[in-house]
Amino acid sequence: MTKGERIKARREELGITQVALADMIGESKQTVYKYESGLVSNIPSDKIEAIARALDISPALLMDWS
């Protein structure tokens, strides 16, 4: 599973829309879409932390860092 797929799966699990997640992390819906679809693979570290907080998951688990 890619990091984008993990973001999307966790967001959907929590019932959060792309628009709501975008608002939570200070980005546009299009940027969230790009993260989830893999169009942007190099997500800035501050956004990784913001996404992890919004999705109530650790950044390491979200990014599959081992």
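The values are calculated or read from the model by the stated rules, or taken from the named source; none is laboratory data. Just so you know, these numbers come straight off a predicted model, no measurement behind them. Only protein heavy atoms, including side chains, enter the accessible area calculation; ligands, DNA and RNA are left aside. Shrake-Rupley method; radii C 1.70, N 1.55, O 1.52, S 1.80 Å.
Could you give each residue of segment 35-40 its phi-based ³J(HN,Hα) in whole Hz, using Karplus coefficients 6.51, -1.76, 1.60 with θ = phi - 60°, and x for Gly or Pro?
Values per residue, Gly and Pro as x: 4, 5, 8, x, 5, 10 Hz.
Do the sum for the chain: with -39,500 (n - 2.57) for every DSSP H run of n ≥ 4, divided by all residues, what is the mean residue ellipticity at 222 nm, to the nearest 500 deg cm²/dmol?
Calculated at 222 nm, the ellipticity per residue is -18000 deg cm²/dmol.
Please calculate how many Å² of accessible area the chain carries per residue, with a 1.4 Å probe and no DNA, RNA or ligand atoms counted.
For the chain, the per-residue accessible area is 62 Å².
Using the Karplus curve 6.51 cos²θ - 1.76 cosθ + 1.60 with θ = phi - 60°, work out ³J(HN,Hα) for each residue of segment 52-64 in order, rounded to whole Hz, and write x for Gly and Pro.
4, 4, 4, 9, 6, 9, 6, x, 4, 5, 4, 8, 6
So for the chain, what are the equivalent ellipsoid semi-axes in whole Å, largest first, each being the square root of 5 times an eigenvalue of the Cα gyration tensor?
Semi-axis lengths for the chain are 15, 13, 12 Å.
What is the percent carbon and sulfur in the accessible area of the chain, measuring with a 1.4 Å probe over the protein chains and ignoring ligands?
Carbon and sulfur together cover 51 percent of it.
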